[in-house]
Amino acid sequence: MQNNYMDEELKMRFPINGDFESIASKISIPVKSIKSPNKVFLNRMMVCICSLLFLLITSGIVVPNLIENGYIVPQWDYKTIVQKYPSFTYSNIGYTIFSTEIKEGINTKYVGNKVDDIIVDGIDVYNKDEKYSINAEIYEIKNIYKDCAYAIKFEGDEDYYSYLNTDYQFKTLGDFIEKLNLKEYLQFGTATYKNNIVYKDFDDSIVWDMLLLDYSLVNTSLTNNNYKNPLMSISSNIEALGIKNVSVAVNDEGYIQTNILGTAKTFYIGEERVNNFVDYILKNIPKKNLF
């Protein structure tokens with residue numbers, strides 16, 4: 001069974017694979033180093049805060065954003081269209097927006113033929129009995145397998161938004177590359193080695209020729225969890241799918257691993273090929289220390 005990473009959106013889109021503990025250790029300030037504040041000052045601060053809250057409540061002002069599960073969730077009227085309607089079902093397949101932080105749709109050059117008219121539903125989390133519906137048009141994304149992704153155009157909105165089937169199971173590396181048209185659409189950014197050194201300005205052909213050449217490689221994540229801490233991770237974008245800062249990586253057990261489309265995919269190429277790729281990047285590509 002595939003590991004689902006859509007709930008770990010920030011980790012997916014963070015180029016250094018979300019190693020937040022190591023970052024925090026470098027920027028945190030020990031509590032003991034902070035002097036105890038004056039109690040009178042604290043009391044005055046609490047009075048000010050309480051007074052402000054009282055004024056907001058009695059004057060009828062509603063705070064637009066609340067926190068749910070650690071995230072700021074805007075009220076319905078403050079939401080963008082994809083925040084209101086983050087998912088839909090078509091032909092018994094569920095499709096989800098890559099990120100509810102998306103503000104603009106995909107370029108129209110990626111939009112193909114219209115498929116159907118549909119109705120998309122949304123729920124107001126502040127009033128779970130309140131259900132909203134909107135008319136929408138569903139479109140193919142050019143050269144993308146329809147069971148993997150569609151583009152949606154909502155009534156009253158001019159943009160086209162890409163929605164993904166995160167549960168699609170690719171059998172081989174070739175299946176993965178061809179159904180998402182990655183040879184044309186996948187764009188590589190920087191390579192990060194052991195989460196603290198960035199290598200940049202390398203040609204994409206290096207990754208294709210050294211890691212992604214063998215289309216027969218089996219997607220081992222369908223049966224085993226080979227998704228490990230990366231040895232080297234490459235930040236990646238797929239503009240046609242609205243995907244930004246996901247990872248194509250290699251680990252020290254000889255696997256290519258990626259969270260493109262929101263779920264783990266792994267392909268075994270062997271430790272020798274992994275080490276050859278990492279060594280090439282280390283020796284030939286300019287680097288920049290993160291810290």
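The values are calculated or read from the model by the stated rules, or taken from the named source; none is laboratory data. Quick caveat: nothing in here was measured; it's all calculated off a predicted structure. Positions of Cβ are generated from backbone atoms using ideal geometry, with glycine treated the same way; all protein chains shown enter the neighbour counts. Heavy atoms of the whole protein, side chains included, go into the accessibility calculation; ligands, DNA and RNA do not. Shrake-Rupley method; radii C 1.70, N 1.55, O 1.52, S 1.80 Å.
The one condition from (1) among the acidic types (Asp, Glu); (2) open to solvent by less than 70 Å² (accessible area, probe 1.4 Å); (3) at pLDDT below 95 that Asp203 does not meet is (2).
The condition of being surrounded by 14 or more Cβ atoms within 10 Å (Cβ to Cβ) and part of a helix (DSSP H, G or I) holds for Glu178. Taking every residue in region 209-220 that is closer than 13 Å to Gly270 by Cα and pairing it with any residue that is assigned to a loop (DSSP other than H, G, I, E, B) and of a type in the set (D, E, K, R), at least 6 positions away or on another chain, the pairs with Cβ-Cβ distances below 9 Å are Val218/Lys171. Total residues in region 233-249 satisfying the condition of being open to solvent by less than 20 Å² (accessible area, probe 1.4 Å) and under 18 Å from Phe202 (Cα atoms): the figure is 9.
Among the residues of region 84-97, those identified as in contact (Cβ under 8 Å) with a residue 40 or more places away in the chain and under 12 Å from Tyr150 (Cα atoms) are Ser87, Phe88, Tyr90, Ile93, Gly94, Tyr95, Thr96, Ile97. The residues in region 154-164 that are surrounded by 20 or more Cβ atoms within 10 Å (Cβ to Cβ) and either under 16 Å from the mean Cα position of the chain (by Cα) or charged (D, E, K, R) (or both) can be counted, and the count is 4.
Anything in region 91-129 that is of a type in the set (Ser, Thr, Tyr) and either open to solvent by 60 Å² or more (accessible area, probe 1.4 Å) or in contact with a strand residue (DSSP E or B) (Cβ under 6 Å, 6 or more places away or on another chain) (or both)? List them, or say none.
Listed by number, the residues that qualify are Ser91, Tyr95, Thr96, Thr108, Tyr110, Tyr126.
Counting only residues that are surrounded by 17 or more Cβ atoms within 10 Å (Cβ to Cβ) and of a type in the set (Ser, Thr, Tyr), which one in region 165-175 is nearest to Gly262 (Cα to Cα)? Looking at the filtered set, the residue picked out is Thr166.
Contact annotation: residue pairs with Cβ atoms under 8 Å, 6 or more positions apart or on different chains, pairing a residue in region 134-147 that is without any contact (Cβ under 8 Å) to a residue 40 or more places away in the chain and surrounded by 15 or more Cβ atoms within 10 Å (Cβ to Cβ) with a partner that is among the hydroxyl-bearing types (Ser, Thr, Tyr) and part of a strand (DSSP E or B), are Tyr139/Tyr150; Tyr139/Tyr160; Glu140/Tyr150. Scan region 54-113 for residues that are at pLDDT 90 or above, hydrophobic (A, V, I, L, M, F, W, C), assigned to a strand (DSSP E or B) and over 18 Å from Lys244 (Cβ atoms) and jot them down. If the condition is that a residue be at pLDDT 90 or above, hydrophobic (A, V, I, L, M, F, W, C), assigned to a strand (DSSP E or B) and over 18 Å from Lys244 (Cβ atoms), then Phe88, Ile93, Val111 are the ones that fit.
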